[in-house]
Amino acid sequence: MHADPVQRARKLERGRAWRKANPDKVKQGKRRFLLREGKARQNYLKLQARHNRNPVRAQKKRELARARYYELHPKRPDCLCRGCGERVDWNGVGRPVLRCDRCCAPAELRRRERRRTQRAPEAQLQGVA
Ligand SMILES: [Zn+2]
């Protein structure tokens, strides 16, 4: 069964469809699994969830993911305004804006300024310029 990739793919697809069609049964099954595994396993899963929520760890994971992305995509995008063609300020995080502050719509400019004032304290904490 597992040796044949076509059959395997078909089996996985069928399972995926069944889980999508029966969300209640999936939920019940997860509950039964946890009850069967007992307290120690439940505590371990809670611990794991807390571990993944840790902001320091999340930050490390983000940095690793970004480094990997830069490794796979070495060419950075051109940050040129679509309106005037001048260079747009971009700190390398996320996606660069298409239009500079002078060329974007007034509502967009207000939104950007609001975001900048909201993000300022967080950026100071992380030491991001
Ligand atoms: Zn512009």
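The values are calculated or read from the model by the stated rules, or taken from the named source; none is laboratory data. Given the structure is predicted, the values throughout are model-derived calculations rather than measurements. Using ideal geometry, Cβ is built from the backbone for each residue, glycine included, and neighbour counts are taken over all protein chains shown. Accessible surface areas use protein heavy atoms only, side chains included; no ligands, DNA or RNA. Shrake-Rupley method; radii C 1.70, N 1.55, O 1.52, S 1.80 Å.
Name the single residue, out of those in region 78-95 being assigned to a loop (DSSP other than H, G, I, E, B), more than 9 Å from the ligand (Cβ to nearest atom) and among the charged types (D, E, K, R), that is most open to solvent (accessible area, probe 1.4 Å).
Step by step, filter region 78-95, then rank; the result is ARG95.
Got at least one residue in region 23-44 being within 28 Å of ARG119 (Cα to Cα) and exposed (fewer than 10 other Cβ atoms within 10 Å of the Cβ)?
So far as region 23-44 goes, no, none of its residues is within 28 Å of ARG119 (Cα to Cα) and exposed (fewer than 10 other Cβ atoms within 10 Å of the Cβ).
Anything in region 110-121 that is open to solvent by less than 90 Å² (accessible area, probe 1.4 Å) and over 20 Å from LEU80 (Cα atoms)? List them, or say none.
ALA120, PRO121
Condition first: in contact with a Gly (Cβ under 9 Å, 6 or more places away or on another chain) and farther than 15 Å from ARG112 by Cα. Now tell me which residues in region 71-101 satisfy that.
The one that is in contact with a Gly (Cβ under 9 Å, 6 or more places away or on another chain) and farther than 15 Å from ARG112 by Cα: ARG76.
Yes/no per residue for (1) touching a helix residue (DSSP H, G or I) at 6+ places or on another chain (Cβ under 6 Å); (2) at pLDDT below 90; (3) loosely packed, with under 11 Cβ neighbours inside 10 Å:
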{"residue": "VAL56", "(1), (2), (3)": "no, no, yes"}
{"residue": "GLU63", "(1), (2), (3)": "no, no, yes"}
{"residue": "HIS73", "(1), (2), (3)": "no, yes, yes"}
{"residue": "VAL97", "(1), (2), (3)": "no, yes, no"}
{"residue": "GLU108", "(1), (2), (3)": "no, no, no"}
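Has region 65-77 got any residue that is under 30 Å from GLY15 (Cβ atoms) and either assigned by TED's automatic domain parsing to the domain that holds GLY15 or more than 16 Å from the ligand (Cβ to nearest atom) (or both)?
Checking region 65-77: at least one residue is under 30 Å from GLY15 (Cβ atoms) and either assigned by TED's automatic domain parsing to the domain that holds GLY15 or more than 16 Å from the ligand (Cβ to nearest atom) (or both).
Which pairs turn up if I take residues in region 74-86 that are closer than 10 Å to PRO96 by Cβ and look for partners that are open to solvent by less than 80 Å² (accessible area, probe 1.4 Å) and of a type in the set (Gly, Ala, Ser) with beta carbon separation below 8 Å, at least 6 apart in sequence or on another chain?
Listed by first residue and then by second, the contacts come to ARG76/GLY92.
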